[in-house]
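Enquirer: Before we start, here is the structure in question, set down as C-alpha cells.
No lab work stands behind these numbers, since they all come straight from the coordinates. If you're wondering where the values come from, they're calculated on a predicted model, not measured in any experiment. Cβ placement follows ideal geometry from the backbone for every residue including glycine, while neighbour counts extend to all protein chains displayed.
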Amino acid sequence: MKECFTGLGKGVVAAFIVCFLLWGFLAVSSVSAASASHDPLIEVLIRKGILTEDEAREIEKEAAAIEKQRRQEVVKEVRHDALPGPLRGLKFRMLSYLDYSAGQANDRSGNTDSYNRFSIKRGYFRVDKEITPWLAAHLTYDVHQDAAGDWKTRLKYLYAQLKPADLGILTDMKAELGLGHIPWLDFEEHLNPYRCQGTMAIERAGTFNSADLGVSIRGDFDGRLDDARSTVGNPHYDGRYGSWHIGVFNGSGYHSAEHNGNKVVEARLTLRPLPDLLPGLQFSGFGLNGKANNENQFDQYPDYQAYIGMVSFQHPRLILTAQYITTHGNKDGSWVDGRGHALWTQGTSVFANVKPPVCAFEPSLDGKINLFFRYDWMDRDKNDRVAKDTSYNMYMAGGAWEVFKGNFLLMDYEWTTFGDDFGYSKTRAPSPGLKPDNEHKFQMVYQLKF
C-alpha cells in the first residue's frame, strides 16, 4: 500500500512538472511568435501613417490580453487532463463566521441575560463536482454549536443539479433534486452580503429557513447582463431581464423532520425592467403556500403561507432594498390563536450599504470599506386576534472592511424593542402582557472564506 501511495505521489509531482514546463514552453513560444509577427507589422503600419502611436499601443494591449486569455485556457486544459478522472471538476470551499458579541438578550422564559463571548456562528464546508456538462452534485456540511455547547455537524445542502437547455427567453436553467435552496433566501443573501451578522428578515422572524428537501428549477430571463460585476457590483442572479425560481418542498426546513404528507409550493419572480439604462433596479415577488409541519392542540395542521414584495437597487458602490412581508402562520405551526387558527402577520425591512470614496485618503481601501444600516419591523398578529401590541423593531448599523475577496471584518450595533404583548419568543404566538426587555449587542465578526 505504501508503494502505491509513493507511486501516486511521484505521478502527481511528475504531472505538475510537465504542466509547468508545457506552460513555460507555450508562454515563450507565444511571446516569441508575438515578437516575430506582431511588433514589426505594427511598426510598418506606423511608418506608413496607417496607425498612430496611441492606436498602436491600444492594439498591442488588446493583443496581449487575448494572448493571456488563450494561454490561461491552454494551461487550464492541460491541468484538467493531467488530473485523475475522479478529481476533474471537483471544487472545495469553506465559509465560517467567527464572532465576538457583548450585550443583553432574553430567553424563552422571559429572563434577561447579559453576555460577553467569542463564538463560531457557522462553519460551512462545501463540495462541488461537475459530473457531465449537464449534471453536477453539491454538498454542504453545516457545523454549529448546540444549546449544550457541543459542536454538531449536519447537512445543509445535498442535491443533484441538472442543467436543461435554454427554452426561449428562459436561459441558464438549473434544477436541484434533494436538499436544496428554497427560492427566496439565497437570492436575498446575494443582495445583502452580511449573513455573517445574522439572518435575513423573514428567517429572523421565525417563518422559515434557507434549505429544504424537494425539487426546484430556476433560471434567468433572456441571458445575462454584460459584465455584471462592474455594472451592478455582483455577478450572482444577473439575468438580463431578471430571474425566477419555483419548487415543491416538504416545508419542514433542513433541520426538522417531515411530520405530515403535505407539500409546500414556493416561487420567486424577479424582473429587471431597464437592463441598459438602470441595470441595478429589480422588482421581486415571492409566494409560498402549504400547511405547517406540526399539529396544534386541536390535531390540525395550521395554514402556512408567506408573501414578500421587494424593490432593490444594486451598484458597485450602493445597495438598497425595501420589502414588505405578510404571512399566515409559520412552518412550525406555532403562530396560532386560541382556536388553533394561523395568525396573519405583516412586516417591513429596509437595508442600505454604501462604499464611500476613500481613495483620497488611502487608495488601497477604495471600494473595500462599507457602511450599512438595516431596520426590521414585524407584527405577528396584525388582526389583533390574540393581542394588540405584538410587534418588534430591530435597528442595526455598522461597517465592514472587505479584507480579500469575500473575507470581511464587520462591526455593528444592534438594538431591538418589543411590544407590550409580544411574548417571550419570536417562534411562539404572542402573549398578552408579556413584554420582554429590550435587546442590544455590540458585534464583531470575521467572515473567513476560501
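Enquirer: Nearest 10 degrees, 0 to 90: what angle lies between the long axis of helix 53-82 and the longest principal axis of the chain (Cα atoms)?
Expert: 70
Enquirer: Would you list, by chain and number, the lysines whose Cα falls below 30 Å from the Cα of Lys48, excluding same-chain residues fewer than 8 positions away?
Expert: Partners found: Lys61, Lys68.
Enquirer: Could you tell me the relative contact order of the chain? Use alpha-carbon pairs under 8 Å, at least six residues apart, and round to a whole percent.
Expert: Value for the chain: 11 percent.
Enquirer: Would you please put 52-64, 244-256 in order of how densely packed they are, using the mean number of other Cβ atoms within 10 angstrom per residue and starting with the highest?
Expert: Highest to lowest by the protection proxy: 244-256, 52-64.
Enquirer: Then there's this: Do the alpha carbons of any pairs in Lys91/Lys152; Lys388/Lys435; Lys382/Lys426; Lys331/Lys435 sit beyond 20 Å of each other, and which pairs?
Expert: Lys91/Lys152; Lys331/Lys435
Enquirer: Express the Stokes-Einstein translational diffusion coefficient of the stretch 72-176 in µm² s⁻¹, to the nearest whole number, given a Kirkwood radius over alpha-carbon pairs, 37 °C and a viscosity of 0.692 mPa s.
Expert: 184
Enquirer: Return the lysines within reach of Lys368: Cα separation strictly under 19 angstrom, same-chain partners fewer than 8 residues apart disregarded; answer none if there are no such residues.
Expert: The qualifying lysines are Lys355, Lys405, Lys449.
Enquirer: Cα to Cα, under 16 Å, and not fewer than 8 places away if on the same chain: which lysines meet these conditions relative to Lys163?
Expert: Answer for Lys163, where 16 Å is the Cα cut-off: Lys129, Lys174, listed by chain and number.
Enquirer: State, in angstrom, two size descriptors of the chain derived from its alpha carbons: Rg to one decimal place and Dmax to the nearest whole number.
Expert: 26.6, 92
Enquirer: Where the centroid of each part is defined by its Cα atoms, how far is the stretch 416-444 from the stretch 177-247 in Å?
Expert: If we compute the Cα centre of each part, the gap is 29 Å.
Enquirer: For a quick size check, give me the Cα extents of the stretch 174-246 along its three principal axes, largest first, whole Å.
Expert: 37, 29, 15
Enquirer: Can you tell me the mean projection area, over all orientations, of the convex hull of the stretch 244-340's alpha carbons? Units nm², please.
Expert: Orientation-averaged projected area of the Cα hull: 7.7 nm².
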